[in-house]
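Take a look at the structure set out below.
A short reminder: the numbers here are calculations on the coordinates, not readings from a lab. A quick note: this is a predicted structure, and the numbers were derived from the prediction, not measured.
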Amino acid sequence: SIPRPTELGHYDYVDLEPRKNQGELARKCGVDGFVHHHHWFYDESHPGPNLHQPLINMLADGHPDMPFASHWCASKWTNTWSGQL
């Protein structure tokens with residue numbers, strides 16, 4: 001069966017151990033790689049990068065040790081939630 005996130009317990013991808021565990025679990029289940037989402041918002045309330053620290057940490061320590069792609073998202077966060085795309 002496919003493991004569910006609850007099997008990993010509470011985790012924060014900023015921390016090394018959860019990213020190591022996720023990589024090991026993914027490899028065991030036949031996952032070939034990950035996509036890291038990098039959000040850059042142009043809103044005054046959330047300027048600059050958001051959700052970027054796990055990617056920066058992964059680049060620094062190499063975990064999870066798997067191929068990856070980056071998904072860059074540059075948008076106005078408020079427009080996403082208000083439906084004004």
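Stretching Lys28 away from Tyr11 to a fully extended chain increases their span by 4.2 nm, per 0.36 nm per residue minus the current alpha-carbon distance.
Using θ = phi - 60° in the Karplus curve 6.51 cos²θ - 1.76 cosθ + 1.60, the 3J(HN,Hα) couplings for the range 57-64 round to 5, 4, 5, 6, 10, x, 10, x Hz; x is entered for Gly and Pro.
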